[in-house]
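What follows is one structure encoded as structure tokens, with my remarks underneath.
Nothing in this text is a laboratory measurement; each read-out follows from the coordinates by a stated rule. Predicted, not measured: the structure shown is a model, and the values here were computed from it. Quick reminder, even Gly has a Cβ in these numbers, built from the backbone with ideal geometry, and neighbours come from all protein chains shown.
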Amino acid sequence: MSFKVPWSKQHKTITGGLPLSFSNSYTEPLSMPELVELTRARGDHALVDAFDQHGLEYTANGGSLDLRQTIAGLYGNAIGADNILVFCGGQVALQTCAFALLTRADHAIVFTPGYQSVQQAPLFAGADVTTIPLQAENGWQIQPDEVEAAMRSNTRYLVINEPFNPAGSLMSRRLQGDLIALAERHNLHLLSDEAYRLLEHDPRTRLPAMADAYPRGISLCTLSKPWGACGVTIGWLALQDTALRQACIDVQYFGSACPGRASELQAIMTLRASDAILKKNLAIIAHNLHLLDEFFQRYSKFFQWVRPTAGAVGYVKFSGPMSSAALGKALADAGISIKPAYVFSDPAYADAYRDYFRIGFGEASMPKALVALQRFVEEHQHSW
């Protein structure tokens, strides 16, 4: 498999930076004035003062205690501040964990389609990797028997993504339990990229965090998706395995050893305002999903999807006369950005997903892009 070139590079040169975007995977971006207003509204003036007056010395490797304590509040009793490791973004966390766990003698299992770093971080660490393709026909759900069949004597690492990007699907608690039981049998570490956790469209479907559910489980999260705090550039790992946490700190020493204090304080502001931010973003998602339901019903001849149940993204199949890459180029010419299938899968799987593209619907500006997409479809459907 080729893993030296970012799969999104082609997208950025063709469909990136356009005025009408379905490409973004995050929720409505926060502004600093909004964050300060939310902080002051709950009387947390000391936090604003700390941000205004903070020094520029190094922070602690793995994150300052106050931020780690705040993050630990998102998890259960098994996770305290000493079980949290903070990074300069979620992607760095993925790479660091793979390097801390794996050697060239090890084997890992991942799934496609998905975020490139989720799939290929074990490759960067030198491990042998089995990639299991997921299918729309079964709701993009992992099949435990396929995972069992991929196991080897040297398998050490299983990497999943729930809620699932790019499709916005969510596994059941039973399936999560089956995977945990499989990991226990084979003595695996199981990392769950939970970037969209807390954005379940029905909160009753929320899964336990993997760090809570399994002693060798690892939960990864980032501020960019549920909270729209992309520019804060803070991600983290939560894990019960303190030896692995120390190994990650050792690897982290050779990369971005510590985040900036400004980012840490912004992250604390964001998480303390979590309820208000999530309520706003879930309302935007619900409104946009309603509009998309109408669109997909009207144009079902050309577009199908497994309707998302969590997060702010969906994976759409185009049944017209071109691949999603060609559709992406045509839409880019009309000023509309989507993310074609090549962004989410190694070229080895190009044929399996060539008709799919991802759309994001977490921003208040999405309806404007949808109007333009509908106009595009109306202009071209007769030739399709």
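Only one entry of 275, 333 meets the criterion of being under 30 Å from residue 49 (Cα atoms) and free of Cβ contacts under 8 Å to residues at least 40 places away in the same chain, and that entry is 275. Taken together, 30, 18, 47, 38 contain a single residue that is in contact with a strand residue (DSSP E or B) (Cβ under 6 Å, 6 or more places away or on another chain) and surrounded by 13 or more Cβ atoms within 10 Å (Cβ to Cβ), which is 18. Scanning the stretch 1-21 for residues that are out of contact with any Gly (no Cβ under 7 Å at 6 or more places or on another chain) and assigned to a helix (DSSP H, G or I) returns 8, 9, 10, 11, 12, 13. Residue count for the stretch 350-376, restricted to those that are touching a residue at least 60 places away in the same chain (Cβ under 8 Å), farther than 26 Å from residue 31 by Cβ and surrounded by 18 or more Cβ atoms within 10 Å (Cβ to Cβ): 3. Within the stretch 278-291, identify whether any single residue is closer than 19 Å to residue 71 by Cα, crowded, with 19+ Cβ neighbours inside 10 Å and touching a residue at least 40 places away in the same chain (Cβ under 8 Å), and answer yes or no. No. Of the residues making up the stretch 332-349, just one is buried (at least 24 other Cβ atoms within 10 Å of the Cβ) and either among the basic types (Lys, Arg) or over 28 Å from residue 194 (Cβ atoms) (or both), namely 339. Inside the stretch 78-92, residues that are in a loop (DSSP other than H, G, I, E, B) and either touching a residue at least 40 places away in the same chain (Cβ under 8 Å) or under 14 Å from residue 247 (Cα atoms) (or both) make up a count of 4. Looking across the stretch 1-15, the residues that are crowded, with 16+ Cβ neighbours inside 10 Å and either of a type in the set (Val, Ile, Thr) or under 21 Å from residue 232 (Cα atoms) (or both) come down to 14, 15. Looking at the stretch 88-102 only, could you name the residues that are touching a Cys at 6+ places or on another chain (Cβ under 8 Å) and within 12 Å of residue 124 (Cα to Cα)? Passing the criteria: 96, 97, 100. I'd like the residue in the stretch 136-150 that is in contact (Cβ under 8 Å) with a residue 60 or more places away in the chain and in a loop (DSSP other than H, G, I, E, B) and, out of all such residues, is nearest to the chain's Cα centre (by Cα). This residue is 140. Checked against (1) over 20 Å from residue 255 (Cβ atoms); (2) of a type outside the set (Asp, Glu); (3) surrounded by fewer than 23 Cβ atoms within 10 Å (Cβ to Cβ), residue 113 passes all but condition (3).
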